[in-house]
Amino acid sequence: MTHKHIHETPKTFSGLIIAIGINIVITVFEIILGIMANSLALISDAAHNLTDIGSMVLGYVTEKMVACPANDKKTYGYKKMEFVTAFVNGLILLLVTSYILYEGITRLFTAPEVMSGTMFYVGLIALLGNTVATWILTKSSKNNTNMQAVWLHSLQDALSSLGVVMGAVIIKFTGWNIVDPIISILIAVFLIKSIYHLIKRTVDALLDSVPEGIDYEEVKRDLLQIKGVVKLNDLHIWLESSRLPMLSVHLQVKQLGDLERVFQEAKNLLFDKYHIEHTTVQVIPVDIRTKCKHCN
């Protein structure tokens, strides 16, 4: 049984370029009119859009790097750049969101007057633009941590723009200027949880942790249940990219005649049950002693 290795980078470049263009227009628009309207919610939305532009440019460069072939220095290529970029974007998101949270709390006690009309129309235009950008990026974010970070940036801005529109309506009919910083605080609190999980996933991937959805002990039990296998060690399961789980293992057997059969059964099991196609399985007789200080 043979398995075809698929190491493609999704076609996300055109979507990223469109999303970058949308965010540049929105950012310039919101910064100018946000200062004129004296709206923190509007200015914070512009700040989010500004980080979006950097995030998307970084994401674009990363997708280009991931597509580069392996060489004699980078034998796996640049696939892990996906996680490096997602981690950096996660930290940027956390810093920006934390600052907006701080500014919002500060303004709770000295809420300035806000031009609700300007705030509403600018927020509405930004909401439409951010919604389109987020929709464009949705498909490519499903199985790609780098693009998921970019998508989260865009979603953050869409939610922030929605908050701006809602805040403008409330201020218009109630005169409660305090609504402006309250909305910024609520959006920041809502997003911090998603940002935390993004950073956690990228750190786990960079530390070669076992991928989510794969039970290490279950894989170990299944391999040990293959007829002829008497011992297992040095089992490692990790992600080289969001689309490329990898595994390596040493299996020991009693009979020399079992070597090829055990090897093939192990490969088929890992592919069919766990969808791990990139595996390194070493099958050796149990009476051969191997020197391995780091084997688990």
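Mind counting the residues in the stretch 230-254 that are among the charged types (D, E, K, R), under 26 Å from the mean Cα position of the chain (by Cα) and outside any strand (DSSP E or B)?
Here the count works out to 1.
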*Among Thr131, Thr145, Thr118, Thr174, which is the only one that is at pLDDT below 80, of a type in the set (Val, Ile, Thr) and more than 16 Å from the chain's Cα centre (by Cα)?*
Thr118
*Can you tell me which residue in the stretch 235-283 is farthest from Val84 (Cα to Cα), limited to those that are of a type in the set (Asp, Glu) and at pLDDT below 90?*
Asp258
*Identify the single condition in (1) in the same structural domain as Thr62 (by TED's automatic domain parsing); (2) at pLDDT below 85 that Val165 does not satisfy, given that it satisfies every other one.*
(2)
*Going by the conditions given, is Phe263 in a helix (DSSP H, G or I), of a type in the set (Phe, Trp, Tyr) and either surrounded by 15 or more Cβ atoms within 10 Å (Cβ to Cβ) or touching a Pro at 6+ places or on another chain (Cβ under 8 Å) (or both)?*
yes
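Just name the residue that is surrounded by the fewest Cβ atoms within 10 Å (Cβ to Cβ) out of those in the stretch 177-199 that are part of a helix (DSSP H, G or I) and over 22 Å from the mean Cα position of the chain (by Cα).
The first filter runs over the stretch 177-199 and keeps only residues part of a helix (DSSP H, G or I), leaving 179-199.
Going one step further and asking which of them are over 22 Å from the mean Cα position of the chain (by Cα), we end up with 179-186.
Working: Val179: 21, Asp180: 31, Pro181: 27, Ile182: 19, Ile183: 25, Ser184: 29, Ile185: 20, Leu186: 16.
So the residue we want is Leu186.
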*Working carefully through the options Leu223, Leu239, find the one that is outside the structural domain of Leu152 (by TED's automatic domain parsing), surrounded by 15 or more Cβ atoms within 10 Å (Cβ to Cβ) and either without any contact (Cβ under 8 Å) to a residue 24 or more places away in the chain or over 30 Å from His153 (Cβ atoms) (or both).*
Leu223
*Go over the candidates Gly129, Gly117 one by one and state the one that is in the same structural domain as Ile20 (by TED's automatic domain parsing) and surrounded by fewer than 20 Cβ atoms within 10 Å (Cβ to Cβ).*
Gly117
*Just give me the residues in the stretch 78-107 being touching a Cys at 6+ places or on another chain (Cβ under 6 Å) and either at pLDDT 85 or above or in a helix (DSSP H, G or I) (or both), in sequence order.*
none
_One residue is enough: does the stretch 13-34 have a residue meeting the conditions hydrophobic (A, V, I, L, M, F, W, C), modelled with pLDDT under 80 and more than 24 Å from Gly167 (Cβ to Cβ)?_
yes
*Can you name the number of the only condition in (1) more than 25 Å from Val189 (Cβ to Cβ); (2) in contact with a Leu (Cβ under 7 Å, 6 or more places away or on another chain) that Asn71 fails?*
(2)
*Scan the stretch 200-218 and give yes if some residue there is aliphatic (A, V, I, L, M), part of a helix (DSSP H, G or I), exposed (fewer than 15 other Cβ atoms within 10 Å of the Cβ) and in contact with a strand residue (DSSP E or B) (Cβ under 8 Å, 6 or more places away or on another chain), otherwise no.*
no
*For the stretch 92-114, how many residues meet the condition of being surrounded by 14 or more Cβ atoms within 10 Å (Cβ to Cβ) and under 25 Å from the mean Cα position of the chain (by Cα)?*
7
*asked:* Under 9 Å between Cβ atoms, which residue pairs at least 6 apart in sequence (or on different chains) link something in the stretch 176-196 that is free of Cβ contacts under 8 Å to residues at least 24 places away in the same chain with a partner that is of a type outside the set (Ser, Thr, Tyr) and outside any helix (DSSP H, G or I)?
replied: Trp176/Ala111; Val179/Ala111; Val179/Val114
*Among the residues of the stretch 41-62 satisfying the criterion of being closer than 10 Å to Thr85 by Cα and among the small types (Gly, Ala, Ser), which is modelled with the lowest pLDDT?*
Ser55
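The values are calculated or read from the model by the stated rules, or taken from the named source; none is laboratory data. Bear in mind the structure is a predicted one, so any value in this text is a computation, not a measurement. Note that we place each Cβ from the backbone using ideal geometry, even for glycine, and neighbour counts take in every protein chain shown.
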